Amino acid sequence: MLGYTHLAESRAGFAAATWLMLFCLGGNFVLLPAHAYRSHGPDAAAPVYALLFSAFGLAAIVGPVVGNALLASGGFELVYKVLGALSLGSLVLAGGL
């Protein structure tokens, strides 16, 4: 996300960066059930994945509201910087697991 604005300066860069982000999002839907099963066992995998999947739903509701507020206060540059920082933060959290 931090480099998305620079990649989006050309049509091909925008298409490639958008495709890559959506490809990674699809990977989450494939890998998260298997990870929940492996990490928490067969008995707890379904409730754990339900919690993870509800986070996607919550993000779908809250994300546009927060995104519009950031857009109004600082433009697209602020939106991408905040999303990039959140992505780096999640990378650090995932590395600690």
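Filtering the range 56-85 to residues that are small (Gly, Ala, Ser), surrounded by 11 or more Cβ atoms within 10 Å (Cβ to Cβ) and under 14 Å from the mean Cα position of the chain (by Cα) leaves Ala59, Gly63, Gly67, Gly84, Ala85.
Against the condition under 17 Å from the mean Cα position of the chain (by Cα) and either surrounded by fewer than 12 Cβ atoms within 10 Å (Cβ to Cβ) or outside any helix (DSSP H, G or I) (or both), how does Leu91 come out, does it pass? For Leu91, the condition - under 17 Å from the mean Cα position of the chain (by Cα) and either surrounded by fewer than 12 Cβ atoms within 10 Å (Cβ to Cβ) or outside any helix (DSSP H, G or I) (or both) - is met.
Considering each residue of the range 55-77 in turn, at least one proves to be under 18 Å from Tyr4 (Cβ atoms), part of a helix (DSSP H, G or I), hydrophobic (A, V, I, L, M, F, W, C) and in contact (Cβ under 8 Å) with a residue 60 or more places away in the chain.
Selection of the range 1-46 for residues being among the polar types (S, T, N, Q) and over 20 Å from Ala59 (Cα atoms) yields Thr5, Ser10, Ser39. Residues in the range 1-28 that are within 19 Å of Lys81 (Cα to Cα) and in a loop (DSSP other than H, G, I, E, B) were compared, and the one that is modelled with the lowest pLDDT is Met1. Could you please give the count of residues in the range 7-36 that are of a type in the set (Val, Ile, Thr) and more than 18 Å from Leu51 (Cα to Cα)? Residues that pass the stated criteria total 1.
The values are calculated or read from the model by the stated rules, or taken from the named source; none is laboratory data. Small disclaimer: the values here were computed from a predicted structure and weren't measured. All Cβ positions, glycine included, derive from the backbone under ideal geometry; neighbour counts span all protein chains shown.
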